[in-house]
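Here is the structure we will look at, set down as C-alpha cells.
Rule-based calculations on the coordinates, nothing more; no lab input. In this text, all values refer to a predicted model and were calculated from it rather than measured experimentally. Don't worry about glycine lacking a Cβ; one is built from the backbone with ideal geometry, like all the others, and counts go over all protein chains shown.
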Amino acid sequence: MGQTFAEQILSHAAGRQVRAGEFVVVEPDAVMSHDSLTPSIIKIMREELGVQNVKYPERLAIVFDHVSPPSTVGTADSQNLVRRFAVEQGLRLFDIGRGICHQVLVEESIAGPGKIVMGADSHSTGYGSVGAFGSGMGSTDVALIWATGQTWLRVPETLQVVVRGRFPEWVDAKDLALKLCREITIAGANYMAVEYHGLDWLPLPGRQTLASMAVEMGAKVGIVPPYGELPERFTRPEWLFLDPEASYTRTLAVDLRDLEPQVAAPHAVDNVSDLSELAGRKVDVVFLGTCTNGRYEDMAAAARVLKGRRIASGLRMIVTPASSRELARAAADDTLSTLIEAGAVLTTPGCGMCMGRHLGTLGENDVCLSTANRNFKGRMGAPTAQIYLASPGVAAATALTGRIADPRDVEIAD
C-alpha cells in the first residue's frame, strides 16, 4: 500500500512503516526557537525537567526575529540571556537582522527534503516548502526535545490539493493560499498534512507562501513535493517520492486559470472573498512582509506597481524584508529604491509588525491591508483595528490609491 509524503518521512525516522493514525517516537533533524519563546524553553528545561544541557546542540537553531531589534529593556535583557545560553551550549544563533526564522532555516538549508523540523512557532509548516515535515510546537514540547532529542507525533491523515493551470497576471501563490482557506476553512484540515500537487513549476517563494499558510487551515504540516523548480542545494533522498498508490482522506482540485485576486476580511483567515467584492474600502496602513510574503519577489511585485508613483496621502506603507539576503537582493537593483521613493518605510528584516509588538503597531480603529498570514482581532495591535490580507500586488495597488484596489487596474510602467 502506498504512502503519502508525511507517512514516508515519519516512517523513515521511526525505522518502520507507519500509517495515518499511528503514534511514533522520532528524533527531529532540527529544532527551531525564536527570541520570544526561547527564554521560557530554557526555564522549562532547567527548572521543570531538571536538565541543564541540550542533548544534541548541533540540531538546534535560534533566531532573533519576533521583536528584533528589541523594543523594551525587558526584551533586550531576555535576548542577552539567550545569547549567553547559546554560547554556553554551542548553539547556532542567528541574531538581529538576519531575518524570520522560517526564511532563515530554508536559506541556510537547515530545512530540507525528508527532514523533520520542529519549531516553537506555528508557521513552522513553512519548512514543507522544501519537502520537509515542518510543524510547530509549544514551549514544553520543544524543551523536551532539547532535553531528550526525541518527540512523539501522531501520523497525520493527508488532504491532497491538485492544482491545474498557471496563475493569470497579478494572481499568485498568496491568492491560492487564501482561496484554499476559503474552501477548506480555518479548521477544515485540523491535524492533517496538506500536500500540494501539480506545482513542480512553482519557484520556491510561492511554495513558502503555501506551506506557511497551511496552518491557517488547521494543518499539522503543509508539503510541496520537492520536484521541479527548487534550488540545487535541496536534494531529494531516493526514499522520498510521489507514490501513486498513496491514500488521501480528501482531494481538492483548483484550476488557477479561474482564480481571481483574493482578500481575507477581518477577523478570520477564512473570511475570504474575491477582491472585487471588497474593492474601494479605505485603508490607513499597508504592510508588506512576513514569512508569507516578505521575499524579494514580493517586494519586486510591489515596486512594479509603485514605480514612478507616490503612495496615497495620509497612508503609511511599511516594508519589512523576510531576511538580510532578501533585503540585499532588493537593494542590488532598483526594487528597494523604488519602494522608498514611493514613500514606503523600510524596517529591519524580521517579523516586524506582523504580531503587533513593534515597528508599526496598529492603533485604535486603524485599517490595515497586510501581506501577512493572520488577521485575528488584536493580532497587529489595537483590538479595534481591522486587518485585511492580500497579495503584494494588491498591497501596492492599495497603497497607491488609499483604498483596497486591484493591480490589474493600474497602468504598469515599463
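Measuring nothing but how far apart in sequence close Cα pairs (under 8 Å, 6+ apart) lie, relative to its length, segment 327-389 scores a relative contact order of 26 percent. Taken about its Cα centre, segment 264-409 carries a charge dipole of about 200 debye when Lys and Arg each add +1 at the Cβ and Asp and Glu each add -1 at the Cβ. Ordering Trp146, Trp239 from the fewest to the most neighbouring beta carbons within 10 Å gives Trp239, Trp146.
Residue separation of Phe376 and Glu88 scaled by 0.36 nm, minus their Cα-Cα distance, works out to 99.9 nm of gained length. Work through the residues other than Gly138 whose Cβ is under 15 Å from its Cβ and net out their charges, Lys, Arg +1 and Asp, Glu -1. Local net charge: -1. Neighbours of Ser313, meaning other residues whose beta-carbon lies under 14 angstrom from its beta-carbon, give a summed charge of +4 when Lys and Arg score +1 and Asp and Glu score -1.
Principal axis extents of the Cα atoms in the chain, from largest to smallest and rounded to whole angstrom, are 58, 53, 39. Peptides 98-108, 165-175 ranked from most to least packed give 98-108, 165-175, packing being the mean of other C-beta atoms within 10 angstrom over each peptide's residues.
I need the shape label for segment 47-98. Rule: rounded when a/c is under 1.5, else prolate if a/b > b/c, else oblate, with a, b, c from the alpha carbon gyration tensor. The shape class here is oblate. One chain, two ends: Tyr227 and Asn190. Fully extended at 0.36 nm per residue, the span grows by 10.7 nm beyond their Cα-Cα distance. Tell me which aspartates and glutamates have Cα within less than 19 Å of Lys43's Cα, excluding those fewer than 8 residues away on the same chain? Result set, ordered by chain and number: Asp35, Asp77, Glu88, Asp121, Asp141. List, in the order given, every pair from Lys115/Lys220; Lys179/Lys307; Lys220/Lys377; Lys179/Lys220; Lys179/Lys282 whose Cα-Cα distance in the structure shown is over 25 Å. Too far apart for the 25 Å limit: Lys179/Lys307. Each of His267, His12 was scored by other Cβ atoms within 10 Å of its Cβ. Arranged with the fewest first, they read His267, His12. Note on segment 264-409: Cα Rg divided by 2.2 N^0.38 Å, N the number of residues, gives 0.93. Selection among Val286, Ala211, Tyr196 by position relative to the dipole of the chain gives Val286 as farthest towards the positive end (Cβ unit charges, Cα centre).
DSSP beta bridges confined to segment 264-409 are antiparallel in about 15 percent of cases. Can you tally the net charge around Ile186? Count Lys and Arg as +1, Asp and Glu as -1, for every other residue whose Cβ sits under 12 Å from the Cβ of Ile186. Cβ neighbours under 12 Å give a net charge of -1.
Remark: the chain carries a charge dipole of roughly 600 debye about the Cα centre, counting +1 on each Lys and Arg Cβ and -1 on each Asp and Glu Cβ.
Treat every Asp and Glu Cβ in segment 34-102 as -1 and every Lys and Arg Cβ as +1, leave all other atoms uncharged, and give the resulting dipole magnitude about the Cα centre to the nearest 20 debye. With Lys and Arg at +1 and Asp and Glu at -1, about 160 debye.
Here each label is just a point 7 Å from Cα along the line to Cβ, and for Ala253 and Ala413 those points are 4.4 nm apart. Taking all Cα-Cα distances within segment 109-220, those exceeding 26 Å account for 19%.
Each of Phe133, Phe241, Phe94 has some number of other Cβ atoms within 10 Å of its Cβ, and from fewest to most they run Phe241, Phe94, Phe133.
Along the Cα-to-C-beta direction of Asp333, a point sits 7 Å from the Cα; which residues of segment 386-409 have their amide N less than 16 Å from that point? Backbone N within reach: 393.
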